Amino acid sequence: MAPKNQSREARERLRLYQARQGLHERQRRRRVRDNVIGAGALVLVAALATGSQLVHASTRDDDRASTPASATSTATPTASASATAGNTGDVPSKRIAQGTTWTGTLTLNKDIRLGIELDGAKAPQAASVEIDLIRKQFYEGTKCHRLADSTGFHFLQCGSANGDGTGDAGFQYGPLENVPSDGTYAKGTIAIARGATPASQTTQFFIVTDDTTLDPSTGGYTVVGKVTSGLSDLVSKVTSKGIADAGSDGSGEPKVATEITGATIAEQK
């Protein structure tokens, strides 16, 4: 169970995320309304110009969105999401990513600056979710709670609302996208953690800090993008310092407390 102050922080983060989501929706509706008003004005101008022709046309028309896995069930980058048969909650539209490449930054502990790239073509749903979460500052102040650094098993897992592997933004989603068929996740890969089902992806993701193999028979993990710069800084300042209390799979909380202190994203021009 998360400490009470973490639970309060998670509730506040979810409230702010939902508030920003509402603001974005109101702005979208306002744009639609303004476009409709603009179109209406054009129609009015056209009506004044065409006179009785428009009147006749209108009378004729009156009837007319726990975990990367290894060879064992415990040795996986997994999100603490319940097993669900389908998407739940208000999942951001996959149209956000627009099938294009998005670039930005992920800052950890204020001094580790990672360049990131999200693939909106190969993973449109996951990229759209990440873009939405970053835009609405969901990740800022959250912790990277899990580090794995053993033979063939290297990643840092982040993004839970409570900072301990639990909590999300109120939704779970699928499908799995852009999954490596051989279970090989190259150094620098950014992938989405999940629970037992393809639709249990939430806000958690993991950064592969060295070439990693995860059992493909479990279904695999969505590769949403990659780290384009700064990975060596992450390895030297966090990964190389070790794990505080490793579990049976060799993963656990990093000795160096790691927090997401900033994130940006923009469509690549």
Please give me the summed charge of the neighbours of S251: other residues whose Cβ is under 11 Å from its Cβ, Lys and Arg +1, Asp and Glu -1. -3
Excluding residues on the same chain fewer than 8 positions from K122, give the lysines whose Cα lies under 20 Å from its Cα. K94, K187, K226, K269
Total formal charge among the other residues, if their Cβ is under 9 angstrom from that of A127, Lys/Arg +1 and Asp/Glu -1: -1
Just the projected area, averaged over all directions, of the convex hull on the alpha carbon atoms of the range 138-269: how many nm²? 8.4 nm²
Accessible surface of D90 - all protein chains present, 1.4 Å probe, nearest 10 Å²: 100 Å²
Accessible area per residue, 1.4 Å probe, Å², for the range 149-269: what's the number? 38 Å²
Net charge (Lys, Arg +1; Asp, Glu -1) of residues whose beta-carbon lies under 15 Å from that of K226, K226 excluded, is -4
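For the range 88-138, which whole-number percentage of the solvent-accessible area (1.4 Å probe, protein heavy atoms only) is attributable to carbon and sulfur atoms? Walk me through the numbers before you get to the answer.
Numbers: 890 of 2060 Å².
Percent of accessible area from carbon and sulfur atoms in the range 88-138: 43.
The values are calculated or read from the model by the stated rules, or taken from the named source; none is laboratory data. Keep in mind that what you see is a predicted model, and the values were worked out from it rather than measured. With ideal geometry, Cβ positions are generated from the backbone for all residues, glycine too; neighbour counts draw on all protein chains shown. For accessibility, only protein heavy atoms count, side chains too; no ligands or nucleic acids. Shrake-Rupley method; radii C 1.70, N 1.55, O 1.52, S 1.80 Å.
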